[in-house]
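Scroll down for the structure; my scribbles are underneath it.
Each reported figure results from applying straightforward, stated rules to the coordinates on display, with no laboratory input. All values derive from a computational prediction rather than experimental measurement. Counting neighbours? That spans all protein chains shown, and the Cβs are built from the backbone with ideal geometry, glycine included.
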Amino acid sequence: MIAKAKAISHGINDLRYITGESKHKKHPEKIYRVLDNLLPSEPDAMGIWNSMQLTLSQHRQIKNSVIRIELSPSPEHTRFFDIEDWQKLWQDFAEEFDKQMITGKDGKVRSCPTNLAGSKYSVWLHTESKGEVPHLHAAVCRLDENGNINNDHNIHLRAQRAAEQVAKKRGWTTAAQIRNHNIPQVNKDCMEVLRAMPLWSWDEYKNALAQKGYTVHERKDKKGTLRGYALVKGNTKYKASELGIGKKPDDLETSCDMGKTAPSVNDCH
């Protein structure tokens with residue numbers, strides 16, 4: 001199971017999307033309300049937004065006033081879920097989300113616990129995606145009902161860790177386990193592409209990986225020089241620094257000279 005979270009400024013657009021009211025949603029009939037928290041009875045997107053605005057207007061102004069959360073369990077784990085099961089899954093996730101306290105390497109707190117339980121939110125089940133893999137979308141007000149801000153520092157880590165904890169408690173395969181299991185195959189795919197290239201070309205390398213089903217995310221510096229990359233396949237992301245495990249030093253040239261030799265998947269990170 002994986003989870004994503006981000007504080008956003010366009011809350012009303014997100015609410016229209018997750019409720020199926022957006023014109024971009026072709027099958028709103030495949031979107032279901034799971035539960036609302038501290039909201040009027042079954043409001044539409046504008047009703048949810050107005051209720052959140054009422055809370056926000058009573059306190060200080062926040063630019064990114066809504067937390068967008070996506071929760072995606074593996075389909076084999078939710079095959080027989082009903083709405084009550086989805087409600088319980090969200091509640092378990094929200095509880096773990098609120099527990100997280102993010103600290104830095106120096107031991108200092110970087111992100112205090114949140115209070116989703118005391119905040120207005122709406123959660124919806126989407127089954128209209130490719131393959132009809134069911135997943136949850138939620139919109140949460142950044143201010144809880146006591147006027148406290150839900151911290152968004154490292155919020156993506158908070159979501160990932162909460163999802164990992166829920167998966168472990170339920171005995172599900174975690175995202176980390178899936179990634180670790182897949183890394184040897186990702187390594188193999190990268191090596192096959194590199195060895196098939198007579199001359200190094202970053203564009204050809206990306207295109208060949210795309211043909212194998214990967215999306216390549218580049219990391220460039222301010223001058224536009226490539227400094228690293230990550231591969232994405234499905235819902236799983238693999239950083240270049242995670243790959244190349246167990247490779248012998250002479251398996252590939254280790255130069256990062258993009259114009260001459262094909263670099264190892266461990267290079268340039």
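A few points about this structure:
- The relative contact order of the chain comes to 18 percent, based on Cα pairs under 8 Å that sit 6 or more residues apart.
- Euclidean distance of C-alpha centroids, the range 88-118 and the range 4-31, integer Å: 24
- Binned Cα-Cα distances of the chain, short to long, each 5 Å bin given as a whole percent: 1, 5, 11, 14, 14, 14, 12, 11, 8, 5, 3, 1, 0, 0
- Within a Gaussian network of the chain (alpha carbon springs, distance under 10 Å), most fluctuating of H153, H135, H24: H24
- Of all lysines in the structure, the ones whose alpha carbon falls short of 18 Å from that of K239, not counting any fewer than 8 places away in one chain, are K4, K188, K206, K212, K220, K247.
- Working note: Karplus 6.51/-1.76/1.60 with θ = phi - 60° gives the range 157-168 the couplings 5, 4, 5, 4, 5, 5, 5, 4, 5, 5, 4, 5 Hz, where Gly and Pro are set to x.
- Qualifying trypsin sites (Lys or Arg not before Pro) for the range 1-76 [loop in DSSP, other Cβ within 10 Å: at most 15]: K23, K26, R60, K63
- Using θ = phi - 60° and Karplus 6.51 cos²θ - 1.76 cosθ + 1.60, couplings along the range 5-18 (whole Hz; Gly, Pro as x): 8, 7, 7, 10, 9, 9, x, 5, 5, 5, 5, 5, 5, 6
- Farthest positive-ward along the chain dipole, Cα basis, beta-carbon charges - from I12, A208, V123: A208
- Between the amide H of N150 and those of L143, D144, distances stay under 5 Å, these residues lying 5 or more places away or on another chain, with hydrogens modeled in the peptide plane.
- Under the convention that each Lys and Arg Cβ holds +1 and each Asp and Glu Cβ holds -1, the size of the dipole of the chain around its Cα centre is about 700 debye.
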